[in-house]
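Inspection log for the structure reproduced underneath, given as structure tokens.
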Amino acid sequence: MNRNDIAFARFHPTVLFFYFFCLILFTVFTQNPVLLLSALCGGILFCAVTNTAKKNLAAAKLYVPMFLLVSMTNPIFSHSGATPLFFMNDNPVTLEALLCGVDLAVQVCAVMLICGAFSRVMESDKLLALFGKLSPRLATVLSMALRFIPLLKRKWGEICEAQRALGYFREESFFDRIASYARVFSALVTWALESSVDTAASMSARGYELAGKKHFSLFRFTRGDGIMLALTTALSAVTLFGILLGKADFDFYPRISEINTDIFAIITYAAFGTLALLPFIFEVKEALKWKYLRSKI
Amino acid sequence: MNKKNIAKYIVLLVLVPLVVLLGAVAFDDKKYIFVSACVAVLSCVPFFMSFEGKKTSTKRLVLLAVMLSFSVAGRYIFAFLPHFKPVTAIVVIAGIYLGTESGFLCGALSALVSGFIFGLGPWTPFQMFAWGLIGLLSSLLSEFLKKNKIALCVFGAVSGVLYSLLLDIVSTMWYDGVFNPSRYLALFVTALPVTAVYAASNVIFLFLLATPMGKKLERIKIKYGL
């Protein structure tokens, strides 16, 4: 699936940034298994609906071993907890440490998945539109660097081919390869530096150094963005309130505490769960709408 | 002291201790990773602010963008050799030949642009901080490193090892929530081959690239009056 096909990515950059900021913040700050599991579910479901099957398989190959590694190694390094399961090298392996490891693994995987979703939804143009308001010069440097990268890659290929045709390119041993590539790199540097000064001269000639410039941005804040922003704010406020009231407190040491199930705690879980699942819900909603509209033709 | 400078000192002297204090008091000293990520980002902010405030010439701006794209494109170019990357070498060269500010920015923004392309993650703020610091240090030692090639290679190796040590601290806090020395040791030992390749790549790239690239940068600076 193409990046542009992610329906959630069509929101305004500010809205998206705020959404992911809140979600990551809560996920990093809580230890509560209910909240962490809902964050993980949100991450997995969004990944599943927006990625191809092949990419999903590759992601699973990365995340499953990481999950096992983090959860299984925690009891080896942490010996707190009141319920020893067995002893290894005279150190107790406790039930609490094991479950805490699973909890941490859920957290680590959830944050990684949400960061992955953030990277896919916030393409560089959106990030630059955000940065551009804060710091136009830095945004200029970043967007120029992003533009130079494909240019350098293309030029690199051209120089490599020229060197091969001239017979200067040796690939027999590791050091030959390094030396050959270093020579190509050197030629590339000369070309890039010279052309960068050309670019700078051209920018000056077009008045880049004059005052009163504005940052160009294609993104417009629509009513849908407003609704999404309001929804995110409301859900985050409820979650924050619940966390600050201690409704989502959870401790593993010395003994595992019970999951809070009073009415306020359930409201907190529901609010955060909805927040975490928002991109997935939106994605499914848009897909269904598309199917429905197509069926009418 | 003008307004910009005051804002810079406010970030460094007020906001950073405030975040640390908040982490210690409000979060029971448990959320090390978040607090340290905030500190890492905040310590980059004064550099960004001074870059924004100054009337940096357009040529310098474009030159910085080119150095940045070199360090990031290097990751693609050398994709066939895992962990063998020229990023640190380019950052060190930028620091030596383009000055303190460009050195720091080249390091910090390399991490950011890499994040744009290869995916942003919890490690990005620390990469920004670590590479920024490497660029800054190399510019402070620039006179010495320009003349002495052995010192330059040693600097490359040391910065590679320090970078790995710092990011291992981050992984430890990330996997445990707190800093666990035995986990840190285990991570450090398992990461030793990667660290070795990384440090070696810094040395090789600096050995091969520093002088020719430095000459080119000096030439550009003289030719176009930077």
(message) Please compute the contact order of chain B in relative form: average sequence separation of alpha-carbon pairs under 8 Å and at least six residues apart, divided by the residue count, as a percent.
(response) 21 percent
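Once every DSSP H run of n ≥ 4 in chain B is given -39500 (n - 2.57) and the sum is divided by its residues, what mean residue ellipticity at 222 nm do you get, rounded to the nearest 500 deg cm²/dmol?
Working: 11 runs with 185 residues, N = 226.
Computed ellipticity for chain B at 222 nm equals -27500 deg cm²/dmol.
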(request) From other protein chains only, count the Cβ atoms within 10 Å of every residue's Cβ in A:180-189, then give the mean. (result) 5
(request) Sum up the charges of everything whose Cβ sits under 13 Å from the Cβ of residue B:220, counting Lys and Arg as +1 and Asp and Glu as -1, but leave residue B:220 out. (result) +4
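Quick check: net charge around residue B:201, other residues with Cβ under 12 Å of its Cβ, Lys/Arg +1 and Asp/Glu -1? If you can, show how the numbers build up before the last one.
Details: positive: B:75, B:85; negative: none.
Net charge around residue B:201: +2.
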(request) Take every residue in peptide A:191-203, count the Cβ atoms of other chains within 10 Å of its Cβ, and give the average of those counts. (result) 6
(request) Return the lysines within reach of residue B:54: Cα separation strictly under 29 angstrom, same-chain partners fewer than 8 residues apart disregarded; answer none if there are no such residues. (result) A:126, A:133, A:213, A:214, B:3, B:4, B:8, B:146, B:215, B:216, B:221, B:223
(request) Specify the inter-centroid distance of segment A:123-163 and segment A:8-56, based on alpha-carbon positions, in whole Å. (result) 27 Å
(request) Would you list which lysines come within 21 Å of residue B:31, measuring only between C-alpha atoms, while excluding same-chain residues fewer than 8 positions from it? (result) A:247
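If you place +1 on the Cβ of every Lys and Arg and -1 on the Cβ of every Asp and Glu, how big does the dipole about the Cα centre of the protein assembly as shown come out, in debye to the nearest 20?
Numbers: 49 positive and 29 negative charges, 498 e Å.
Once rounded to the nearest 20, the dipole reads 2400 debye.
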(request) Determine the sum of side-chain charges near residue A:24: Lys and Arg each +1, Asp and Glu each -1, restricted to other residues whose C-beta is under 15 angstrom from that of residue A:24. (result) +2
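Computed from the coordinates by the stated procedures, all read-outs in this text should not be read as laboratory data. Note that the structure is a prediction, hence the values are computed from the model and not measured. Reconstructed Cβ throughout: ideal geometry from the backbone, glycine too, with neighbour counts over all protein chains shown.
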